[in-house]
1. Using a 10 Å Cβ count of at most 15 others and DSSP loop calls, identify the longest part of the chain lacking such GluC sites (Glu not before Pro).
2. Between 108, 135, 178, where does the largest GNM mean-square fluctuation fall for the chain, given springs only between Cα atoms within less than 10 Å?
3. Most fluctuating residue of 12, 174, 25 in a GNM of the chain with Cα springs under 10 Å: which is it?
4. At most 11 other Cβ atoms within 10 Å plus a DSSP loop assignment makes a site exposed; report the longest stretch of the chain without any exposed trypsin sites (Lys or Arg not before Pro).
5. On full extension of the chain, what length is gained from residue 88 through residue 143, given 0.36 nm per residue of separation minus the C-alpha to C-alpha distance?
Amino acid sequence: MSASIVIQQPHGDADRLLLLFHGVGANARTLVPLAEQLADAFPQAFVVSVDGAQSSDLGAGRQWFSVRGITEENRAERIAVAMPGFLDAIRHWQDVARVGVDATSLIGFSQGAIMALASTQTLEPPAARVVAIAGRFARSPSRAPKSVAVHFLHGQVDTVIPHVHSVMGAERWGALGGKATLDLFPFAGHGIEPEMAARVVERLRSGVPG
């Protein structure tokens, strides 16, 4: 966690904690532009871009879990192995910021979004909101806790993680009675375009379906 980047530590008590989680082969610096935009939008937020737990085995950057030899069958197992460390990182920053679960939002891109979504299926979900950008559930969720709202954002020309995964995730979350929003971007690929970043701010600022 020492390589994580604190973007904003407000004076006085923080009113929320915004934690950003990057994709495989990247690092905390990758999401600094989005984190700075969030800090500008929420001046009393404690904002951190979190560095991946492991060195990437792709040759550069960090990762939450290895994608070497990844399959639909073994992805969920790898996430399960990585989850305790992921949850520890969230709790660490909650302690530092003195912010509880109800005021914590996880903003993940790609593999970071995969981890954030998977955290909703743990016994005690660590955050009240998850923003999943170009992510997916490793396996279809079995429950949608009432305390957690999920915002899916995905480019429709994403060739790394097809946008259909966000469509299915939002539909399943809603079918389970959970709160979800879905935003698709027709000309966006596997990245965070300016209009997507603006929508993240909008989703964190506005209410969610009740």
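Computed from the coordinates by the stated procedures, all read-outs in this text should not be read as laboratory data. The structure displayed is predicted, hence computed values, not measured ones. Cβ atoms come from the backbone with ideal geometry, glycine included; neighbour counts cover every protein chain shown.
1. My reading of the result: 74-210 is the longest stretch.
2. 178
3. Looking only at 12, 174, 25, the biggest GNM fluctuation is shown by 12.
4. The reported range is 1-67.
5. The span from residue 88 to residue 143 would gain 17.6 nm if fully extended.
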